[in-house]
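Here's the structure, in structure tokens; my notes come after.
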Amino acid sequence: MRILVNQYPGVIFLLLILSACSGPRYYTYTPSPGVMPFFKEKGDATAGAALTVVSEDGEKLNSGIQAKGAYAITDHLAITASFSGNKQVEAYSKNWSDGLHNYDSNFIRYNNRITELGAGYFTTLQNGKTTLNIYGGVGFGKNKITDIAQLTDNTYLLSYLNTTVKKYWLQPSVHHITGRRFNIGIATRLTLLDQKKLHTNWTEEQLKARDLDKLGSKMFFYIEPSILMQVAVFPRWLNLDVGFVFCPDVRTDQYGIVDDTRRMRSRSFMFHIGLSADIKKLFK
């Protein structure tokens, strides 16, 4: 070590800087599964609920719930609604500094809630089994980040950031409806996210160290490909829904700091599984 210090003082200094400045990754956005109804005509309706699971780096798993519904008001127009809630917990054990405190470890809790309303157009192609769909809508919710940190002097510090969320989205999709036991839909949701800092006890310098300083300054754009598979079970009006949502990772610089003017750090993958009811079949 003495040889390394004598010959490469610049390398040692860089390692110390990186170890002191590189801290936990704070996430500002968790995508929610889009409502993707398999509609063909007026009066089609569906309602359901699902368990959602988000993963980061294939290691951390956090769960949530979603309730959703849709109704076709004409042969080509439909309305949708959903509520999603997620609670996520992550722990980091790494020495770092945000410019005000020196941290030994961080225990971070996320609590996200959003209600989304939408409307859209659907049409059946000549083969009778494929539909083209385009839905759009808005969402309103709140995000809460609570950080319980242990400092290097063995004291504890409680920090928080609460934000309001407005979400504007457009969702084109293609659905294959067999009319029997299996349906599948592929969609891409285009999302504009507007978050405002509501309450926080972090300073602007501390927010910047966490890549959270841009909240409220502009809206951010996300592209979210997704797939939904639906299998009819017993009774015949009940369906098992299984789906995946992807939100590509935000670009970071060589030190792991977010370097992307379009987005902030988001969850990159969500799996959801649940049950939905075909309301028309239920009352036949």
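Below is a table of values for the structure above.
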| quantity | calculated |
| --- | --- |
| Principal-axis tilt of helix 9-21 within the chain, Cα atoms, nearest 10 degrees | 50 degrees |
| Residue with peak Gaussian network fluctuation, the chain [Cα springs, cutoff 10 Å], from Arg181, Arg265, Arg109 | Arg181 |
| By accessible area with a 1.4 Å probe, ligands and nucleic acids excluded, highest first: order of His199, His272 | His199, His272 |
| Probe 1.4 Å, accessible area per residue of the chain, Å² | 52 Å² |
| Within the accessible area of the range 154-284 (1.4 Å probe), percent carbon and sulfur | 63 percent |
| 20 Å Cα-Cα threshold exceeded, pairs from Lys68/Lys196; Lys40/Lys68; Lys87/Lys208 | Lys68/Lys196; Lys87/Lys208 |
| Taking the C-alpha atoms of the range 103-245, convex hull volume expressed per residue in Å³ | 142 Å³ |
| Shape parameters for the range 28-110, alpha-carbon atoms, Rg then Dmax in Å | 19.7, 61 |
| For the chain, the longest site-free run once GluC sites (Glu not before Pro) in DSSP loop states with at most 15 other Cβ atoms within 10 Å are removed | 60-284 |
| Rg to Rh, two decimals, where the range 75-136 supplies the alpha carbon set and Rh follows Kirkwood | 1.39 |
| Cα-Cα separations in the range 89-178 greater than 22 Å, expressed as whole percent | 56 percent |
| Measure of compaction for the chain (Cα Rg per 2.2 N^0.38 Å) | 1.20 |
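The values are calculated or read from the model by the stated rules, or taken from the named source; none is laboratory data. Only a predicted model underlies this, so the values are computations on that prediction, with no experimental measurement involved. Glycine gets a Cβ as well: all are built from the backbone with ideal geometry, and neighbour counts include every protein chain shown. Note: areas computed on protein heavy atoms with side chains; ligands, DNA, RNA excluded. Shrake-Rupley method; radii C 1.70, N 1.55, O 1.52, S 1.80 Å.
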